[in-house]
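Student: Take this structure, written in structure tokens, and hold onto it; I'll ask about it next.
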Amino acid sequence: MNFNLNLNEKKHNYAVIIAVILVFVSFLIAVKLLADTAEKHYERQMIVCLDAGHGGDDVGAVSADSKRYEKNDNLELTLKVQEELEKLGMDTVLTRDKDEKVSLRDRCRIANKKRCALFVSIHRNSADSGTGFEAWISKREKEDEHKLAEDLLSVLSESTGLPNRGVKNGYRDITANNYYINANTNMPSLLLEVGFITSDDDNKAFDENLDKMATEIAKVIYDSLQN
């Protein structure tokens, strides 16, 4: 009698253990499926982070007559690129949509938190003498960011007649470093210098071709994310 009771108790215990194991395995499978679904969801969204450089009391570069601030040109072009991307059905997120200062850390954090597919930082260049477009990417290139940068420079140069200064790796004047946004974003990223704010010719080209440049930048970004 006791033997049968012990046997039945053991069978019951084994059944409980097996049930617990099955529940645990089912839980792990469910978590994995949810994670895969979330990952696919983010991939489907293909969110583009647009970063208007500088802002607030960080005015960026200034024109020769001190009347034109880089921060304003950056934001104006960025908002137009956003509008064009959304016309193409792309989801976008901005690091700033008004004249405010946003830290470099927060700019990268916004893009990383949203798990964006691409980060494009829009700037104007400056120098005692200089003209044209250039792009900066990390010394350790991520995915196809070099090709994207090349394509952007090509269409901008062709549409405005300004020189294509090429794609550059790292950080200006400090070859061992990268620009912060290129080093600290998890996705392909680039810093796009849209002409020299210190050049009257470049400023004229910027103003006269603003809408066209926004359309072409958006089209290149859209095409790059369809591949």
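The values are calculated or read from the model by the stated rules, or taken from the named source; none is laboratory data. Everything numeric here is computed off the predicted structure, so don't read it as measured data. Cβ atoms come from the backbone with ideal geometry, glycine included; neighbour counts cover every protein chain shown.
Student: Quick check on my filter: what residues within the stretch 150-186 are touching a residue at least 40 places away in the same chain (Cβ under 8 Å) and either surrounded by fewer than 16 Cβ atoms within 10 Å (Cβ to Cβ) or over 15 Å from the mean Cα position of the chain (by Cα) (or both)?
Tutor: Passing the criteria: 151, 155, 156, 159, 160, 161, 162, 178, 186.
Student: While we're looking at this one, here's another question. Go through 138, 189, 103 for me and flag whichever is among the polar types (S, T, N, Q), within 18 Å of residue 50 (Cα to Cα), without any contact (Cβ under 8 Å) to a residue 40 or more places away in the chain and in the same structural domain as residue 75 (by TED's automatic domain parsing).
Tutor: 103
Student: Out of (1) under 20 Å from residue 225 (Cα atoms); (2) surrounded by 16 or more Cβ atoms within 10 Å (Cβ to Cβ); (3) basic (Lys, Arg), the odd one out for residue 147 is which?
Tutor: (2)
Student: Does residue 79 qualify as being touching an Asp or Glu at 6+ places or on another chain (Cβ under 8 Å), in a helix (DSSP H, G or I) and not charged (D, E, K, R)?
Tutor: yes
Student: If you take just the helices (runs of 4 or more DSSP H) that sit entirely in the stretch 137-227, which of them hold at least 1 residues that are of a type in the set (S, T, N, Q) and more than 21 Å from residue 60 (Cα to Cα)?
Tutor: 145-160, 210-226
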